[in-house]
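Report on the structure given below.
The values are calculated or read from the model by the stated rules, or taken from the named source; none is laboratory data. It should be emphasised that the depicted structure is a prediction, and the values quoted were computed from it without experimental measurement. Cβ placement follows ideal geometry from the backbone for every residue including glycine, while neighbour counts extend to all protein chains displayed.
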Amino acid sequence: MCYGRSYENELRSYSEIKQKNLNSNPMADNHLMIKCKEYLKLLCEDITERCVGSNGNRQATRFMQKELSLQEWETEMVEFEAMDWEENGASLKSDGDFNIPSVYMTEEEGSKLISGIGKIVFLDSRSRRIPGKGYNVIGKKGNNTSAKIVVTAHIDAKKGTPGAIDNATGVIVLLLLSDLLKDYKGNKLIEIVTFNGEDYYAAPGQMNYISVNKNKFDNILLNINIDGAGYKEGLTAFSFYNLPDEILTDFNLPSGSFFYSNGSLTGPFVQHCLDYKVCNFIFITRIHRFIIS
């Protein structure tokens, strides 16, 4: 998902990017592939929970900060209030951060309840909220704060899931990009932002970033948000939400693509269904070529 301004100067057309050949170094390529697999294992297997507010989530953000620092990025961990929870015998609705607990029952349990029509029943919800902390992790290279490119992905995952596609792969793209740009000395500020809490109603990490950067968004030349990298089901889809018609001429859409142009946002959305084994790698090299060109 990309949002930005100054398209004539800053965006390269899809066809131009596609035709540029990356000066591929087989050893460097293999290095990135190995790191990709290592990162995926750590984020989805070694860390068992990345829901915002959890210990696993904080472990993941500390790891992200450490990796960016190793690549000599200026790093910052921005703290915000978050909420974790646990249940023991009743199901607390697992995709929200309401101020009050919420429980639900399955269709099978509802059928059993029908036999109790007219009777008084009690619900015992053995769950509790756990106030905690969450962090956005930000890495920066360059000094021109008036002209910056921001690349983002959320690091949290739904409770009880490994969150591979949603969104460990997006975080891995950021990590590989930080490696490719470790020697960057361009005339624009590059900001890598690991958001936190996207999969929860309050979106606390994103809201924190908006608050901190209030009145500074005109300095952003381009934002590339990565979510679901490696998704391989369905068609490739392009949406150009409320962009000028001339922008469409800069994109040479491949045949067989699904094109949907309506929406309330401003900016292009791309869902590119490639082979999952190479999707992250191709995506990251394309972003890298754009930034250094």
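Determine whether the range 170-182 contains at least one residue that is closer than 30 Å to ILE47 by Cβ, at pLDDT 90 or above and among the hydroxyl-bearing types (Ser, Thr, Tyr). The answer is yes, given that some residue of the range 170-182 is closer than 30 Å to ILE47 by Cβ, at pLDDT 90 or above and among the hydroxyl-bearing types (Ser, Thr, Tyr).
Annotation: ILE34 fulfils all but one of (1) aliphatic (A, V, I, L, M); (2) under 14 Å from PRO162 (Cα atoms); (3) free of Cβ contacts under 8 Å to residues at least 24 places away in the same chain; the unmet one is (2).
Quick grid of which residues meet (1) among the charged types (D, E, K, R); (2) at pLDDT 85 or above:
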{"site": "GLU198", "(1), (2)": "yes, yes"}
{"site": "GLY205", "(1), (2)": "no, yes"}
{"site": "VAL212", "(1), (2)": "no, yes"}
{"site": "LEU221", "(1), (2)": "no, yes"}
{"site": "ASP227", "(1), (2)": "yes, yes"}
{"site": "PHE238", "(1), (2)": "no, no"}
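Residues of the range 46-81 that are surrounded by 15 or more Cβ atoms within 10 Å (Cβ to Cβ), in a helix (DSSP H, G or I) and basic (Lys, Arg): ARG58 alone. Among the listed residues ILE34, ILE17, which satisfies the condition of being loosely packed, with under 12 Cβ neighbours inside 10 Å and either at pLDDT below 95 or not in a helix (DSSP H, G or I) (or both)? Step by step, each of ILE34, ILE17 is checked, and only ILE34 is loosely packed, with under 12 Cβ neighbours inside 10 Å and either at pLDDT below 95 or not in a helix (DSSP H, G or I) (or both). Of everything in the range 189-205 that is in contact (Cβ under 8 Å) with a residue 40 or more places away in the chain and out of contact with any helix residue (DSSP H, G or I) (no Cβ under 8 Å at 6 or more places or on another chain), the residue that is surrounded by the most Cβ atoms within 10 Å (Cβ to Cβ) is GLY205. Of all the listed residues (LYS158, LYS140, LYS188), the sole one being in contact with a strand residue (DSSP E or B) (Cβ under 7 Å, 6 or more places away or on another chain), of a type in the set (D, E, K, R) and farther than 14 Å from ILE224 by Cβ is LYS140. The set of residues in the range 106-130 that are part of a strand (DSSP E or B) and surrounded by fewer than 10 Cβ atoms within 10 Å (Cβ to Cβ) is empty. May I ask you to list the residues in the range 153-167 that are crowded, with 24+ Cβ neighbours inside 10 Å and out of contact with any Lys or Arg (no Cβ under 8 Å at 6 or more places or on another chain)? Correct list: ALA153, HIS154, ASN167. Filtered by the rule that a residue be modelled with pLDDT of 85 or more and hydroxyl-bearing (Ser, Thr, Tyr), the range 112-149 gives TYR135, SER146. The set of residues in the range 37-54 that are of a type in the set (S, T, N, Q) and under 20 Å from TYR201 (Cα atoms) contains only SER54.
Against the test of being free of Cβ contacts under 8 Å to residues at least 24 places away in the same chain and assigned to a loop (DSSP other than H, G, I, E, B), the options THR161, THR145 yield a single qualifying residue, THR161.
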